[in-house]
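These notes concern the structure reproduced below.
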Amino acid sequence: MFDGRAEGRDMVEHERAGLGHGAGGAVAAVLVAAIGLLCVVLLLPLTASTSTAVREIALVTRDMAFYLEGESEPNPTIQLRAGEEVRFTVLNRDPGLTHNLAVEAWGLETRYLENEASTTVLVRAPARPGRQVYVCVPHDKMMRGIIEVVDDD
Amino acid sequence: MELDTTNWSGEGTFTQTLIDALDAVEQVSLLRVEDASSSRSDVEFNFISNELFLRFGTRDRQVRAKMLGIVPVTRTVTEPVMTVNDLERALCEIDEVGPPDYADAEMLQYLRTERIVPPYQTRGYKLVELVRIYEAGSESR
C-alpha cells in the first residue's frame, strides 16, 4: 500500500544525508587547502635558498662579434661564479656568416650556426676561479672573449 | 648620382671599389656611405664595416583601374627602376666586385679579407672589410 508520509520521510533523510556528505567534503577541502598552504609556507624558504637555479646567458653573434643580448659591447667579459650552472644560448644574427661558441679549456664546442639559427648548451663553471677564452672557431681572431670564474661568495 | 660620404671615414678599399661601381649604374640616383658602429681593431685584426644606402631612380607608369569598381580611370604609379636583386646582378658582371657573400631582397653583403704584413714584420694582421648595401629607408642590420 502506498504510504505517502513514509515516502516523504525517506526523501527528507536523503536530503539530510546529502547535506551531511557536503559538509564533510567542505571540511576535508578546507583541511587539504590548509595542509597545502602549510607545506608551501614551510618549503618556500628551502626552495629560495637552494642554489640549483640555472643562470641563463644569451649571446648574439652579429658583425663578427659576440654580444650579450641587448648590449652593445663586442666580445664582453662574462663573469661566472665558481660551480655555477649556466645555460648559454647562442643566436646567430650575422647574415651570410656561420658562427659557433667554443671554450677549449672546457672541451666545449657547439655546432656551427647558420643565420638566425640558435643552440643551447648547459655547462657548470669550474669549481676554482680562473679565466678561460671563448671563441667562434672559424673567426677566432675577431670573435674572442674571456669567461671569468670568480669565487662563489 | 648624388654621393654623400660625410659620415664615412674613407676606410675600406673595397668600399671605394663599390662606390665607383655604383656610380656607373645609371639607375642609382643617390648613394650615402657611412661607417658602421661595429668597426673595430685589435693587435691581430682590423675590422672595417661600412654601410651603403642607395636610392634608385623612379619612373611613372600608367595603371588602369576602376573607381568604386565601376568607373574606369587611369592612375599614375611611381616605381623604382631597379630592385636590390637587379643591382646584385648588375654588380656581379663587374669583375672587381663579383657576387655578394649574402643577398636578400633588402640587402647585399660583401666580405673581403686579406692578411697585411707591414715591412719588417713577420706576422702582420688580418684585414676584414664588411660592406652592406641597403636601399635607403631600410633598417641596417
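Numerical summary
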item	result
Residue within region B:93-100 that is within 25 Å of A:Glu114 (Cα to Cα) and part of a strand (DSSP E or B) present	no
Failed item in (1) in contact (Cβ under 8 Å) with a residue 40 or more places away in the chain; (2) loosely packed, with under 11 Cβ neighbours inside 10 Å, with B:Met67 passing the rest	(1)
Residue list for region B:108-117, filter: more than 11 Å from every other protein chain (Cβ to nearest Cβ) and closer than 14 Å to B:Thr17 by Cα	B:Arg112
Qualifying residue in region B:31-48 (condition: within 14 Å of chain A (Cβ to nearest Cβ), surrounded by fewer than 19 Cβ atoms within 10 Å (Cβ to Cβ) and of a type in the set (A, V, I, L, M))	yes
Criterion: at pLDDT below 95 and not in a helix (DSSP H, G or I) - qualifying residue of A:Gly96, A:Gly25	A:Gly96
Selection status of B:Ser37, of a type in the set (Gly, Ala, Ser) and within 15 Å of the chain's Cα centre (by Cα)	no
Pair list, Cβ under 8 Å, 6 or more apart: region B:92-117 residue closer than 16 Å to B:Gln16 by Cα, other residue assigned to a loop (DSSP other than H, G, I, E, B) and among the aliphatic types (A, V, I, L, M)	B:Ile94/B:Ala24; B:Tyr110/B:Val97; B:Leu111/A:Leu97
Any hit, region B:50-67, residues being in a loop (DSSP other than H, G, I, E, B) and acidic (Asp, Glu)	no
Candidates B:Ala90, B:Ala105, filtered to the one that is of a type outside the set (Lys, Arg) and either within 14 Å of chain A (Cβ to nearest Cβ) or in contact with a His (Cβ under 7 Å, 6 or more places away or on another chain) (or both)	B:Ala105
Unmet criterion (only one of (1) surrounded by 11 or more Cβ atoms within 10 Å (Cβ to Cβ); (2) away from chain A (no Cβ under 14 Å); (3) aliphatic (A, V, I, L, M); (4) in contact with a strand residue (DSSP E or B) (Cβ under 7 Å, 6 or more places away or on another chain)) for B:Val84	(2)
Single condition B:Val25 does not satisfy, out of (1) crowded, with 17+ Cβ neighbours inside 10 Å; (2) assigned to a strand (DSSP E or B)	(2)
Answer from B:Thr17, B:Thr5 - the residue that is of a type in the set (Ser, Thr, Tyr), in contact (Cβ under 8 Å) with a residue 24 or more places away in the chain and either within 18 Å of B:Gln109 (Cα to Cα) or in contact with an Asp or Glu (Cβ under 8 Å, 6 or more places away or on another chain) (or both)	B:Thr17
Unmet criterion (only one of (1) within 14 Å of another protein chain (Cβ to nearest Cβ); (2) at pLDDT 95 or above; (3) in contact with a Pro (Cβ under 7 Å, 6 or more places away or on another chain)) for A:Val150	(1)
Subset of region B:49-60 that is touching a Ser or Thr at 6+ places or on another chain (Cβ under 7 Å) and either over 14 Å from B:Ala136 (Cα atoms) or among the basic types (Lys, Arg) (or both) - its residue that is nearest to the other protein chains (Cβ to nearest Cβ)	B:Ser49
Within region B:105-141, considering residues that are of a type in the set (Ser, Thr, Tyr) and not in a strand (DSSP E or B), the one farthest from A:Asp63 (Cα to Cα)	B:Tyr120
Residue match in region B:42-53 (condition: β-branched (Val, Ile, Thr) and at pLDDT 95 or above)	yes
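One line per residue, one yes/no per condition, for (1) part of a loop (DSSP other than H, G, I, E, B); (2) modelled with pLDDT of 95 or more:
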residue: A:Thr47; (1), (2): no, no
residue: A:Thr52; (1), (2): yes, no
residue: A:Arg87; (1), (2): no, yes
residue: A:Tyr134; (1), (2): no, yes
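The values are calculated or read from the model by the stated rules, or taken from the named source; none is laboratory data. Because the structure is predicted, anything quoted here is derived from the model rather than measured. Here the Cβ is made from the backbone with ideal geometry for all residues, glycine too, and neighbour counts use every protein chain on show.
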